[in-house]
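Notes follow the structure.
The values are calculated or read from the model by the stated rules, or taken from the named source; none is laboratory data. Quantities reported herein were computed from a predicted structural model and do not represent experimental measurements. For neighbour counting, all protein chains shown are included, and Cβ atoms are generated from backbone atoms with ideal geometry for every residue, glycine included.
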Amino acid sequence: MPKRIIAGIQRVGHSTIEGIRRLGHATRFFLLVLLKSGTSLRRFNLVIRELFYVGVLSLIIIVVSGLFVGMVLGLQGYETLQKYGSESAVGTLVALSLVRELGPVVAALLFASRAGSAITAEIGLMKATEQLSAMGMMAVDPVARVVAPRFWAGVISMPLLAAIFSVMGVFGGYLVAVVFIGVDAGSFWSQMQSNVDFRIDILNGFIKSCFFGVAVTAIAVFEGYDSPPTAEGVSGATTRTVVTSSLVILGLDFILTAFMFRGL
Amino acid sequence: MSSETLVEISDLNFSYNTRRILNGVNMSMNRGQVIAIMGGSGSGKTTLLKLIGGEITPSSGYVKVSGQVIHELSRDALFAMRRKMGMLFQFGALFTDLSVFDNVAFQMREHTNLPESMIRDLVLMKLHAVGLRGAHHLMPAELSGGMARRVALARSIALDPMLIMFDEPFTGLDPISLSVIGSLIRRLTDALEMTSVIVTHDVQESLSIVDYVYFIADGVIAAHGTPDDVRASKAPFVHQFVHGETDGPVPFHYPAQTYLKDLQLEKTVA
């Protein structure tokens, strides 16, 4: 067999083993973060500080995107539904699309690029500038003091941001369908009210966004903590956070949807 | 000055993967002394500090700090020990999201239950000792390199440690900041009766403030003595290092095959 083919197979094997090793490493790190979350719960002001950076500062992008996604949904939904004379169902279409799918998924994708990348870059740079080592030498555990508060802040803010995204989306759909196009406001809202179920739609959407919050933030803190302490190491880790989170969000979404809505 | 031994290093070996970094190092450091560890880049100086701080575990041998073997301590005991140690990182490693005041107050808030009014007084006293009381409200990004190093020094003495380790404290400083840091290290060591270990390759500044010098080369102690011994030393390595000569026992060239061969001017034997 030519040498090149053997080398190719070796590379595949090597990267597979390396990938599995990293996955194991990440899982252990995730458990370590959970184990060391006591400090975050005892000193909740540490988490509140991070909630501001992770959650509040992500609000603008979430609000604006939610509004536009809802407006597009209203426009597209109206165009299609009016062919069948059922344009009053546009409220249901907008609300169900947002609450079940687009709210949690798009909000999580935006959250990964806005907050996830920031968390990775911050922790990575703290590592590169020896701030984490310095903290360890001061007998303060960096996982408990730096990583865990950011993790919990992300987990808490994700479902809230997804909810805000959906609300803004519904409002955007209302603006386009009712205010601009002139669909009857009564049927817009009443159809939405009768067709959106709290447990099946809203609660499941909420559960989805909780899963995404854990996944995105866990990836972000791990990539930051694990990044090589150099400029290109931190930039690579930041990119990996966004790419891996996005793939995990979409993959998880399929699995969760299959479990939640199959046969409904 | 008392002659009580605070740090004892015995037959210390450390390897990274298969590369030997430290090879049978013995040292002893007394309370109240300023000790310099000198050596070229990559000679294992910083590794030695990490071993004293318990960040890494030796392959064999031990480091004892105030009678306790560092790598045998449990995690809690190690953290308790580290509260009595300070470390000044090469570029200060200040927490960039905290102000100068909060950086110095960090350990007090984490490890003590002191009321905020007392923390305020203590922080201002520590900052006063390094001459930066007036800069307490600044953020680390607003400080010059020398000022950042002084804040880091104030932070490392926050809990009045018995041992402070300095990783290259003089690198990248202008001559004034350099002597300020040097004299601060000496004065604080005397005032707090602690032990200071300085890893450095700045010969002139360190010889003027230290009590004892160890030279490390290739993972072993090449020479040691008081600053006067070192200045007068005829040992080839020490002489080359102290006088900054380009060639000597430490060669200018990284090991390589012959120059002719590299330039493909020499016929290889078939």
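Would you point out the residue of the range B:51-74, among those that are more than 9 Å from chain A (Cβ to nearest Cβ) and in a helix (DSSP H, G or I), that is farthest from residue B:167 (Cα to Cα)?
Restricting to residues being more than 9 Å from chain A (Cβ to nearest Cβ) and in a helix (DSSP H, G or I), the top hit is B:72.
Have a look at A:252, A:175 and point out the one that is buried (at least 17 other Cβ atoms within 10 Å of the Cβ), part of a helix (DSSP H, G or I) and not small (Gly, Ala, Ser). Reasoning before the result, please.
Values: A:175 fails: buried (at least 17 other Cβ atoms within 10 Å of the Cβ).
After ruling out the rest, the residue left standing is A:252.
Only one of these is modelled with pLDDT of 85 or more and polar (S, T, N, Q): B:179, B:233. Name it.
After ruling out the rest, the residue left standing is B:179.
In the range B:201-228, what residues are surrounded by fewer than 23 Cβ atoms within 10 Å (Cβ to Cβ) and β-branched (Val, Ile, Thr)?
Result: B:203, B:209, B:220, B:221, B:226.
Might you check whether a residue that is assigned to a helix (DSSP H, G or I), under 19 Å from the mean Cα position of the chain (by Cα) and surrounded by fewer than 20 Cβ atoms within 10 Å (Cβ to Cβ) occurs anywhere in the range A:98-108? Walk me through how you get there before you give the answer.
Start the filter on the range A:98-108 by keeping residues that are assigned to a helix (DSSP H, G or I), which leaves A:98-108.
Of the ones still in play, those that are also under 19 Å from the mean Cα position of the chain (by Cα) are A:98-108.
Adding the requirement that they be surrounded by fewer than 20 Cβ atoms within 10 Å (Cβ to Cβ) leaves A:101.
Looking through the range A:98-108, at least one residue is assigned to a helix (DSSP H, G or I), under 19 Å from the mean Cα position of the chain (by Cα) and surrounded by fewer than 20 Cβ atoms within 10 Å (Cβ to Cβ).
Picking from B:108, B:85, B:38, B:29, which residue would you name as being closer than 25 Å to residue B:209 by Cβ, within 13 Å of another protein chain (Cβ to nearest Cβ) and not polar (S, T, N, Q)?
One residue alone meets the criteria, B:85.
Is it true that some residue in the range B:195-207 is in a loop (DSSP other than H, G, I, E, B) and modelled with pLDDT of 85 or more?
No, the range B:195-207 contains no residue that is in a loop (DSSP other than H, G, I, E, B) and modelled with pLDDT of 85 or more.
Answer with yes or no whether residue B:245 is at pLDDT below 80, acidic (Asp, Glu) and more than 23 Å from residue B:23 (Cα to Cα).
Working: at pLDDT below 80: yes; acidic (Asp, Glu): yes; more than 23 Å from residue B:23 (Cα to Cα): yes.
Judged against the criteria, residue B:245 is a match.
What are the residue pairs meeting all of these: first residue in the range A:127-139, first residue at positive phi, second residue part of a helix (DSSP H, G or I), Cβ atoms under 7 Å, and 6 or more apart or on different chains?
Pairs found: A:139/B:79; A:139/B:82; A:139/B:111.
How many of the residues making up the range B:3-49 are among the polar types (S, T, N, Q) and in contact (Cβ under 8 Å) with a residue 40 or more places away in the chain?
Qualifying residue count for the region: 10.
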